[in-house]
Amino acid sequence: MNISDRQSMHGQWSSRWTFILAATGAAVGLGNIWKFPYLTGQNGGSAFVLIYIICVAALGIPLMMAEILLGRRGRSTPIHTMKVLVEETNTTQWWQIIGWSGTLAGMLILSYYSVIGGWTLAYIFKSLAGTFSGATGEFTASTFATFVGSATSLFFWHTVFMLITMVIVAGGVQGGLEKAVQFLMPTLFFLLLLMVGYSMSTGYFGKGMEFLFTPDFSKLTGSSMLSAMGQAFFSLSLGMGTIMIYGSYVPKDTSIANTSIIIAMADTGVALLAGMAIFPIVFANNLEPGSGPGLIFQTLPVAFGNMTGGIIFGSLFFILLLVAAWTSSISLIEPLVTWLIETFGISRIKASLYSGIATWMLGLGTIWSFNLWADLKFFGLTFFDLLDFITSNLMLPLGGILIALFAGWLMSSENTKSELRITNPALYTAWQALVRYIAPIAVFIVLLNAIGIL
Ligand code: PHE
């Protein structure tokens, strides 16, 4: 059989459009709406946003193409895909680290992602109960503090989130993944627009826009540049095999280049809209932009609490955020689940169960870092912050570089050209220069700069 006719044993997307929806579903999640705004706030705003956008365009898009390409060629779970490609290119076994580290990173990320997904679940019920009617910033801040201070509540919601995620994962590609993504993205997008509309009425929209878009380079430090780069990888789901495995289900006549650009634009659009919705509310209510992971849970409820129909819009918003979080969390664990199935020949249901339990247990560390372990610091970071730093700022960018180098140097140009289907030779050369030289060097510079070596 011709290698490019291979298909994954786990299925194939029914069309290019389903792939775009599913990959956008994996990309758009808590990263855009929860994490992007709070990191922006912690890193002083506009300069961070600018570096983030540059990273998405110059690193994110070419690396996404590289990752889909490897996946579609290997047609398997990241660990096995890398094994196949190492054999095909006759290189050292060491390259398989891409698959292993990615699969591990997915599980580590899901362990805390599920905790925050649990917050979202809890906030649906708080909104429905009308908790936020007429709320002030002070009230939402103290409600949030009480909520995360309770290890028992976080434990409960984390468990529920994880259970539902694993039920969807157990359903498989066509059953679970495709159905989950169909109607959701457009509705979420619409609600975000509505929120931006509300923010325009606060009188602080200009201040919010200035904070986001008037670059103030005095705020830029090595570590904020690293966070911006890490966030670009995190938000686009790059460097850990999610995009590789979704790529393995892509029909062979799909243009990888165009698809990557669409996914990156949709993802960045949602993040920017979230920022535009949130910061005017922050300034209008004297909230602290740098208040950290609680930012959206402290700001958006103020808006919902004070708009007509707020109970409905608020609940709907958190429901949609929850579904967006699910479509991402499914993709975080998919590499591990499919690897278990392929390696041990167990059923999808069992593989989901084992992965879910292990990840759920690890999540307890994140829960406690907001209460019982709040004072326990590793290198000055809580357990959650450390896990986030290691995964987003180290594992994903390093995984991304390895993927870029592998696609750029080890796969033959003939193969990459035929997979990418870029017809314009100049564009192909530009892509190759980006994955061979520019992306790896840029990631290294940012990393070295952040640890103070440059
Ligand atoms: N991109 C997702 C988000 O922004 C998170 C994610 C990271 C999903 C890595 C899959 C892989 O929420």
Counting only residues that are under 30 Å from Thr254 (Cβ atoms) and surrounded by 20 or more Cβ atoms within 10 Å (Cβ to Cβ), how many does the range 7-53 have? 22
Would you confirm, using the coordinates I've provided, whether Phe406 is under 28 Å from Lys83 (Cβ atoms), under 24 Å from the mean Cα position of the chain (by Cα) and of a type in the set (Phe, Trp, Tyr)? yes
Only one residue in Ala145, Ala129, Ala105 is surrounded by 20 or more Cβ atoms within 10 Å (Cβ to Cβ), at pLDDT 95 or above and more than 19 Å from Ile341 (Cβ to Cβ). Which one? Ala105
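So, in the range 199-215, exactly how many residues are of a type in the set (Val, Ile, Thr) and either within 16 Å of the ligand (Cβ to nearest atom) or buried (at least 17 other Cβ atoms within 10 Å of the Cβ) (or both)?
1
Within the range 319-331, identify whether any single residue is in a helix (DSSP H, G or I), of a type in the set (A, V, I, L, M, F, W, C) and away from the ligand (no atom under 16 Å from the Cβ), and answer yes or no.
From the range 319-331, those in a helix (DSSP H, G or I) are 319-331; that's our starting set.
Subset that is of a type in the set (A, V, I, L, M, F, W, C): 319-326, 330.
Adding the requirement that they be away from the ligand (no atom under 16 Å from the Cβ) leaves 319.
Checking the range 319-331: at least one residue is in a helix (DSSP H, G or I), of a type in the set (A, V, I, L, M, F, W, C) and away from the ligand (no atom under 16 Å from the Cβ).
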Candidates Ser227, Ser223, Ser218, Ser255, filtered to the one that is of a type outside the set (Val, Ile, Thr) and crowded, with 19+ Cβ neighbours inside 10 Å: Ser227
Checked the range 38-58 for anything within 15 Å of the ligand (Cβ to nearest atom) and touching a Pro at 6+ places or on another chain (Cβ under 9 Å); matches are Tyr38, Thr40
So is Asp375 over 14 Å from Leu226 (Cβ atoms) and charged (D, E, K, R) or not? yes
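Which ones in the range 300-310 are over 21 Å from Ile116 (Cα atoms), in a helix (DSSP H, G or I) and in contact with a helix residue (DSSP H, G or I) (Cβ under 7 Å, 6 or more places away or on another chain)?
Going through the range 300-310, the residues over 21 Å from Ile116 (Cα atoms) turn out to be 305-310.
Imposing the further condition that a residue be in a helix (DSSP H, G or I) reduces the set to 305, 310.
Hit for the range 300-310 is Gly310, nothing else.
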Could you list all residues from the range 149-167 that are touching a residue at least 60 places away in the same chain (Cβ under 8 Å) and buried (at least 20 other Cβ atoms within 10 Å of the Cβ)? Leu154, His158, Phe161, Met162, Thr165, Met166
Go through the range 403-421 and give me each residue that's buried (at least 20 other Cβ atoms within 10 Å of the Cβ) and more than 16 Å from the ligand (Cβ to nearest atom). Ala404, Phe406, Ala407, Gly408, Met411, Thr416, Glu419, Leu420
So which residues in the range 227-262 are among the β-branched types (Val, Ile, Thr) and under 12 Å from the mean Cα position of the chain (by Cα), if there are any at all? Thr242, Ile243
Given (1) in contact with a Phe, Trp or Tyr (Cβ under 7 Å, 6 or more places away or on another chain); (2) more than 16 Å from the ligand (Cβ to nearest atom); (3) closer than 21 Å to Ile333 by Cβ; (4) among the hydrophobic types (A, V, I, L, M, F, W, C), Leu30 misses just (2)
With criteria (1) within 12 Å of the ligand (Cβ to nearest atom); (2) over 20 Å from Met395 (Cα atoms), Thr91 comes up short on (1)
Could you check, for the range 244-251, whether at least one of its residues is within 30 Å of Asn449 (Cβ to Cβ) and at pLDDT 90 or above? yes
Hey, Ser369 modelled with pLDDT of 95 or more, small (Gly, Ala, Ser), within 28 Å of Met9 (Cα to Cα) and surrounded by 17 or more Cβ atoms within 10 Å (Cβ to Cβ) or not: no
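Is there a residue in the range 120-138 that is closer than 27 Å to Phe313 by Cβ, within 16 Å of the ligand (Cβ to nearest atom) and in a helix (DSSP H, G or I)? I'd like the intermediate steps shown before the answer.
Step one: filter the range 120-138 for residues closer than 27 Å to Phe313 by Cβ, giving 120-138.
In the following step, the residues that additionally are within 16 Å of the ligand (Cβ to nearest atom) were identified as 120-121.
Still in the running and in a helix (DSSP H, G or I): 120-121.
Checked the range 120-138: at least one residue is closer than 27 Å to Phe313 by Cβ, within 16 Å of the ligand (Cβ to nearest atom) and in a helix (DSSP H, G or I).
For the range 91-102, state whether one or more residues are of a type in the set (A, V, I, L, M), in contact (Cβ under 8 Å) with a residue 12 or more places away in the chain and farther than 20 Å from Ile245 by Cβ. Don't jump to the end; show me each part of the working.
Taking the range 91-102 first, the residues of a type in the set (A, V, I, L, M) are 97-98.
Still in the list and also in contact (Cβ under 8 Å) with a residue 12 or more places away in the chain: 97-98.
Subsequent filtering for residues that are farther than 20 Å from Ile245 by Cβ retains none.
Among the residues of the range 91-102, not one is of a type in the set (A, V, I, L, M), in contact (Cβ under 8 Å) with a residue 12 or more places away in the chain and farther than 20 Å from Ile245 by Cβ, which makes the answer no.
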For the range 335-348 the number of residues that are out of contact with any Phe, Trp or Tyr (no Cβ under 8 Å at 6 or more places or on another chain), buried (at least 16 other Cβ atoms within 10 Å of the Cβ) and not hydroxyl-bearing (Ser, Thr, Tyr) is 7
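Is it fair to say Lys83 is among the basic types (Lys, Arg), surrounded by fewer than 24 Cβ atoms within 10 Å (Cβ to Cβ) and in contact (Cβ under 8 Å) with a residue 60 or more places away in the chain? Quick ask: steps written out before the conclusion?
Working: among the basic types (Lys, Arg): yes; surrounded by fewer than 24 Cβ atoms within 10 Å (Cβ to Cβ): yes; in contact (Cβ under 8 Å) with a residue 60 or more places away in the chain: no.
When the stated conditions are applied, Lys83 does not pass them.
The values are calculated or read from the model by the stated rules, or taken from the named source; none is laboratory data. Please read these numbers as outputs of a predicted model, since none were measured by experiment. Here the Cβ is made from the backbone with ideal geometry for all residues, glycine too, and neighbour counts use every protein chain on show.
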